[in-house]
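Trainee: Sharing a structure with you now.
The values are calculated or read from the model by the stated rules, or taken from the named source; none is laboratory data. Being a predicted model, the structure only gives us computed values, none of them experimental. Neighbour counts run over all protein chains shown; Cβ positions are idealised from the backbone, glycine included. Accessible surface areas use protein heavy atoms only, side chains included; no ligands, DNA or RNA. Shrake-Rupley method; radii C 1.70, N 1.55, O 1.52, S 1.80 Å.
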Amino acid sequence: MLYPQSNTKRELIELNGIWNFKLDDGTGATNRVYEQQLQGTIPMPVPASYNDLVEDARVRDHVGDVWYEREFYVSEAWQGKRIVLRFGSVTHYGKVWVNGQEVMEHHGGYTPFEADIAPYVYFDRKNRVTVLVNNVLDFTTIPIGELQVRRDSVGNEIRKQDYFHDFFNYSGIHRPVRIYTTAQQYVKDITIRSELRGQTGVVQCEVETEGSSNVRVTILDEQENMVAEASGVHAVLEIEKPTLWEPGAAYLYTLKAEVIGKEGTVVDTYSEPFGIRTVKVEGKQFLINGKPFYFKGFGKHEDAEIHGKGLDEALNIKDFSLLKWMGANSFRTSHYPYAEEIMRLADREGIVVVDEVAAVGLHLSLGAYASSNTRNTWQTVQCQESHKAAIKELIKRDKNHACVVMWAIANEPAGEEEGAYEYFKPLADLTRELDPTRPLTIVNYYAASPTTCKIHTLSDVLCLNRYVGWYAFGNDLEMAGRVLNQELLAWWELTGKPVFLTEFGADTIQGLTSTVPLMWSEEYQCEFLKTYHQVMDKLDFVAGEHVWNFADFATKQGIVRVDGNKKGVFTRDRRPKKAAHFLRERYQNIKDYYYKIEK
Ligand code: BDP
């Protein structure tokens, strides 16, 4: 799905800002409140999570429907055009009415959706858009959750949302809302795949159009010089000695697709930035542009005070600045697709991304989240269809990003339980069919060990999340190091695939310091990391390390977390803990390529 843009043929307006907002009292949809202006609303910003913006626990912990509404105008000059209303994301379900008429609905809280609203808009007066947002997670959704319904002492229904993942269920209209226009004959989608044949960059381009298949394709370099051109919806273009997209040295070409109408004039145009680079897993190595790459960076979250998971461009720039300051070269979009604006930034800044779908918590008996009666995950969940849809939407959205080098199709599922392979095999096949150019991984939880894991054959890279030295062998880092070392060797012997530590970390309270490394202190976090570094540095099949987490983040309330998850190397307001300085020294001395491996 193309990112909305304005150009010589397309116009774009933003509907961000203050909307009207109210919680649903359980009757809104049946009373068809979207047919009139909403009553009893409060102001609410878009994009943002609504949870932390009102001093009321009923808003913060609301489970179910909420309403958003605002007015807008469209230009008279847009008559006869497609007028596309587009939401960057609505978490987790959205249904949209324009002037009281239903125009679209969407399941899944982290991918965009859009519809042509031209038949529903007025050109001579104000229009109204009304959005129903629902945040309930159950066994059919991605991520999964479980709704608990109880009665209070006077018989009122109380709804509590349980979920099996470790980040707060922020809700609302999280990403920009825009309207853009196109002609009736237009570019629907573009798929770009590039490879290197000797010194030649070969760019395969598929343009999906509506109305006309007369298409002209040109490639421009960063100075806007035309370097290749072709015509047709399937085009293969060649660039001699192209400048490659490299980690830390991004280079973006632009592919411009023009739809030519009957009279030979250009009726629509779309410009897609892309990079030329290759990725491949070979033996113990992860190759980018044919060279062994070493991932150094973090698992992250979209998370901040006040905004919650709402897009915050200033925060994103700050985070990229901190990543560079650290000497990091990559991050994982744990545990859901991040905003398109972040992916575009990563393309431009040369930061490598492992792109993850929101399939997190598929493990009903996992430690802190397990209820007393353990259930077989794969016999209980019914989310395979939503999971497939989530994979399709992610790949459709992010396929042209040079920064994306691997798809993560789940985080810590119950890979050791009966039924895991049957659940994941069709999903891995689907991912490979949709994108044969990138490796895929299923991020592993320790219970799916080399002896019990039923799904490791589906991953191209063994991404492991490990917490020995924290949840187990806390305060025994010597033992933790030995256990880790043994397990990594066992994985290598079993699979012969590169190992990537996608999570390891210790909760750390900023300012809690100690002369000896005590758990929760800043010193312990450094010692914990050092233990992992010493093990990984001796093993040449370890192709990457992402510390958990980049920054402290909000999660659900409970007895294992004090004011959120504190495994950040930065605090939630992005101040460095001691570990940031410690890790910075390491990352700055690790090269992107040929780390531990002879040239
Ligand atoms: C891992 C999860 C991650 C958690 C982390 C932790 O992948 O989402 O936040 O553990 O416990 O199991 O901090």
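Trainee: Return the subset of Lys126/Lys388; Lys284/Lys566; Lys22/Lys300; Lys309/Lys399; Lys399/Lys596 for which the Cα-Cα distance in this structure is over 27 Å, preserving the input order.
Mentor: Correct reply: Lys126/Lys388; Lys284/Lys566; Lys22/Lys300; Lys399/Lys596.
Trainee: Given H placed on each backbone N at 1.01 Å, which residues far from Ala228 in sequence or on other chains put an amide H within less than 5 Å of it?
Mentor: Close amide H contacts, sequence-distant or interchain: Ile219.
Trainee: Sticking with this structure for a sec: Taking the DSSP beta bridges in region 439-593 as the whole, what percent of them are antiparallel, to the nearest 5?
Mentor: 15
Trainee: Separate question: Describe numerically, in nm with one decimal, the distance between label points set 7 Å from Cα along Cα→Cβ at Asp162 and at Asp429.
Mentor: Label at Asp162, label at Asp429, 3.4 nm between them.
Trainee: Just to be sure I understand the curve: with the Debye formula and one point per C-alpha of region 186-274, what is log10 I(q)/I(0) at q = 0.11 Å⁻¹?
Mentor: Computed log10 I(q)/I(0) values: -0.30.
Trainee: To the nearest 20 Debye, how big is the dipole of region 12-182 about its Cα centre, given +1 on the beta carbon of each Lys and Arg and -1 on that of each Asp and Glu? If you can, show how the numbers build up before the last one.
Mentor: On the way: 18 positive and 23 negative charges, 78 e Å.
Charge dipole, region 12-182, about its Cα centre: 380 debye, nearest 20.
Trainee: Also, I was wondering about something else. To the nearest 0.05, what FRET efficiency results for Leu196 and Glu282 with a Förster distance of 22 Å applied to their C-beta separation? All intermediate terms of the calculation are to be shown ahead of the outcome.
Mentor: Numbers: r = 15 Å, r/R0 = 0.69.
Once rounded, the FRET efficiency stands at 0.90.
Trainee: Right, next: Among Gly327, Ala543, Val516, pick out the residue whose Cα is farthest towards the positive end of the charge dipole of the chain, where Lys and Arg carry +1 and Asp and Glu carry -1 on C-beta, about the Cα centre.
Mentor: Projecting each Cα onto the dipole axis, the largest value belongs to Val516.
Trainee: Which parts of region 120-150 would a label at Glu14 reach, counting a residue when its backbone N lies under 16 Å from a point 7 Å out along Cα-to-Cβ?
Mentor: No residue passes the distance filter.
Trainee: Sticking with this structure for a sec: Under 22 Å from the Cα of Lys241, which lysines turn up, not counting those fewer than eight places away in the same chain?
Mentor: Those lysines meeting the cut-off are Lys256, Lys280, Lys291.
Trainee: Where in the chain are the helices, taken as whole DSSP H runs, whose Cα atoms extend 30 angstrom or more along the long axis and whose Kyte-Doolittle mean reaches at least 0.5?
Mentor: For the chain, where a helix must reach 30 Å along its axis and average at least 0.5, there are no hits.
Trainee: Reported to two decimal places, what Rg/Rh ratio describes region 281-320 when computed on Cα atoms with Rh from the Kirkwood expression?
Mentor: My calculation of the ratio gives 1.23.
Trainee: Next up: Can you tell me the length gained on complete extension of the stretch Thr140 to Tyr471, counting 0.36 nm per residue apart and subtracting the Cα distance?
Mentor: 116.2 nm
Trainee: Give me the one-decimal Kirkwood hydrodynamic radius in Å for region 12-182, with the sum taken over alpha-carbon pairs. If you can, show how the numbers build up before the last one.
Mentor: Values: mean 1/r = 0.0594 Å⁻¹.
This gives a value of 16.8 Å.
Trainee: May I ask you to list the residues of region 184-199 whose amide nitrogen lies under 20 Å from a point 7 Å from Cα along the Cα→beta-carbon direction of Glu240?
Mentor: 195-199
Trainee: How large is the charge dipole for the chain, taken about the Cα centre, if only the Cβ atoms of Lys, Arg (+1) and Asp, Glu (-1) carry charge, to the nearest 20 debye?
Mentor: Value, rounded to 20: 540 debye.
Trainee: Could you provide, to the nearest whole Å², the per residue accessible area of the chain with probe 1.4 Å?
Mentor: Roughly 40 Å² per residue, with all protein chains present.
Trainee: What trypsin sites (Lys or Arg not before Pro) does region 246-314 have in DSSP loop regions with at most 13 other beta carbons within 10 Å?
Mentor: Those that pass, being in a loop and sparsely packed, are Lys262.
Trainee: Would you work out which of Ala118, His106, Val90 lies farthest towards the positive end of the dipole of region 12-182? Charges go on Cβ: Lys and Arg +1, Asp and Glu -1.
Mentor: Going by the charge dipole, the pick is Ala118.
Trainee: Among all stretches of the chain without exposed GluC sites (Glu not before Pro) (DSSP loop, at most 15 other Cβ atoms within 10 Å), which one is longest?
Mentor: Free of exposed loop sites, the longest segment is 419-597.
Trainee: Can you give me the relative contact order of region 423-529 as a percent, contacts being Cα pairs under 8 Å and 6 or more apart?
Mentor: Details: 146 pairs, mean separation 22.0, N = 107.
Rounded, it is 21 percent for region 423-529.
Trainee: Would you mind calculating the relative contact order of the chain from Cα pairs under 8 angstrom and at least 6 residues apart, reporting the percent as a whole number?
Mentor: 12
Trainee: Read phi for every residue in region 212-226 and hand back ³J(HN,Hα) as whole Hz from Karplus 6.51 cos²θ - 1.76 cosθ + 1.60, θ = phi - 60°, with x for Gly and Pro.
Mentor: Whole-Hz 3J(HN,Hα) from phi for region 212-226: 8, 9, 7, 10, 10, 10, 10, 10, 10, 8, 5, 8, 6, 7, 6.
Trainee: When you have a sec, figure out the Kirkwood radius of the chain from all distinct Cα pair distances and drop it here in Å to one decimal?
Mentor: Over the chain, the inverse of the mean reciprocal pair distance is 25.3 Å.
Trainee: How many percent of the accessible area of region 233-340 is carbon or sulfur, using a 1.4 Å probe? List each step's numbers first, then the result.
Mentor: Values: 1970 of 3710 Å².
That fraction is 53 percent.
Trainee: Based on the Cβ-Cβ distance from Thr374 to Thr265, what FRET efficiency comes out when R0 is 56 Å, to the nearest 0.05?
Mentor: In this case the efficiency is close to 0.30.
Trainee: Here is a further query. Under 18 Å from the Cα of Lys392, which lysines turn up, not counting those fewer than eight places away in the same chain?
Mentor: Lys188, Lys425
Trainee: Additional query: Short version: ³J(HN,Hα) in whole Hz for each residue of region 49-55, in order, from phi by Karplus 6.51 cos²θ - 1.76 cosθ + 1.60 (θ = phi - 60°), x for Gly and Pro, what are they?
Mentor: Whole-Hz 3J(HN,Hα) from phi for region 49-55: 7, 7, 4, 9, 9, 10, 7.
Trainee: Karplus couplings for region 254-262 from phi (6.51 cos²θ - 1.76 cosθ + 1.60, θ = phi - 60°), rounded to Hz, Gly and Pro as x?
Mentor: 10, 9, 10, 10, 10, 8, 9, x, 4
Trainee: Under a Cβ-only charge scheme (Lys and Arg +1, Asp and Glu -1), can you give me the dipole magnitude of region 478-522 about the Cα centre, in debye to the nearest 20?
Mentor: With only Lys, Arg, Asp and Glu charged at Cβ, the dipole is about 100 debye.
Trainee: Tell me which residues come under 5 Å, amide H to amide H, from Leu15 once H is placed; ignore anything under 5 positions away on its chain.
Mentor: It is Val177, Arg178, Ile179, by chain and number.
Trainee: Tell me the label-point distance for the pair Gln36, Ala249, using the 7 Å Cα-to-Cβ offset, in nm and rounded to one decimal.
Mentor: Between Gln36 and Ala249, the label points sit 6.5 nm apart.
Trainee: Same structure, new question: Once fully extended, how much extra length lies between Glu210 and Arg561, figured as 0.36 nm per residue of separation less the alpha-carbon to alpha-carbon distance?
Mentor: Stretched out fully, the Glu210 to Arg561 stretch lengthens by 121.2 nm.
Trainee: Separation of region 98-138 and region 259-282 by C-alpha centroid, Å?
Mentor: 28
Trainee: Would you mind checking which residues have amide H under 5 Å from Thr111's amide H? H placed 1.01 Å from N; only 5 or more apart, or other chain.
Mentor: Counting only residues 5 or more places away or on other chains, the set is Val90.
Trainee: Here's another thing I want to ask about it. Leaving out same-chain residues fewer than 8 places away, which aspartates and glutamates sit with a Cα under 15 Å from that of Lys396?
Mentor: By straight Cα distance, Lys396 reaches Glu114, Asp189, Glu206, Glu208, Glu272, Glu340, Asp355, Glu356, Glu433, Asp435.
Trainee: Then there's this: Just subtract the alpha-carbon distance of Glu229 and Lys291 from 0.36 nm times their residue separation and send over the number in nm, one decimal.
Mentor: 19.4 nm
Trainee: Follow-up question, since we're still on this one. Report the calculated FRET efficiency for Ala57 and Arg125 (r = Cβ-Cβ distance, R0 = 35 Å), to the nearest 0.05.
Mentor: The computed FRET efficiency comes out at 0.30.
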